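Derivation of every value follows stated rules applied to the coordinates shown; laboratory data play no part. Not measured: the values here are computed from a predicted model. Note that each Cβ is placed from the backbone with ideal geometry, even for glycine, and that neighbours are counted across all protein chains shown.
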Amino acid sequence: MEIPPPSAGGGGGGGKPDRKTTERIRREQMNKLYSHLDSLVRSAPPAGGAAAATTRPDRLGVAAEYIRQTQERVDMLREKKRELTGGGGGSSSSSGAGAATAAAPEVEVQHLGSGLHAILFTGAPPTDGASFHRAVRAVEDAGGQVQNAHFSVAGAKAVYTIHAMIGDGYGGIERVVQRLKEAIRSN
């Protein structure tokens with residue numbers, strides 16, 4: 001029996017691949033990664049020639065610049081979102097008369113047959129929940145049976161939602177709405 005000599009290509013022995021094969025695989029992986037980076041950055045080819053003429057350090061520089069610009073854009077959009085959601089409204093509440101007009105609550109009521117769906121917007125988020133409880137109590141005192149009530153804070157406003165069943169006694173829905181508005185405005 002004769003043992004065949006080891007092959008120069010490194011492919012048939014089942015052992016560790018030779019240096020040449022390892023380096024070729026590494027280069028192919030790096031090229032795939034650079035290709036993927038180029039597709040993510042969506043950079044246009046440079047004005048002087050094709051994308052293949054761009055050196056790897058240049059491609060990395062373009063990617064770094066793209067990341068920096070994207071981060072600046074994200075920061076700008078976060079700031080704009082914060083301003084739009086009421087994060088920038090803190091300065092107007094420092095003046096006495098301006099705060100009273102800005103904090104005026106809004107009451108929106110939908111009549112649902114024998115039911116009531118009330119949405120209340122206050123000018124400032126509640127610190128202790130007393131105004132929310134006062135609104136629920138006003139509905140109950142006026143003859144309404146509260147089915148569901150909850151509040152949430154959106155930016156610089158508190159939003160109360162109350163679902164109630166209203167009987168015909170005690171003046172009906174109009175009385176409940178009147179009491180509810182009085183309770184909210186008595187803050």
Proximal aspartates and glutamates to Lys81, defined as alpha-carbon separation beneath 15 angstrom and excluding residues fewer than eight positions away on the same chain:
Glu72
Run down the lysines and flag those whose C-alpha is under 28 Å from the C-alpha of Lys181, throwing out any fewer than 8 positions away in its chain.
Lys157
Where does the stretch 137-187 land on the Kirkwood hydrodynamic radius, alpha-carbon pairs, in angstrom?
11.6 Å
Förster radius 30 Å - calculated FRET efficiency between Leu112 and Ser186 (Cβ-Cβ, nearest 0.05):
0.70
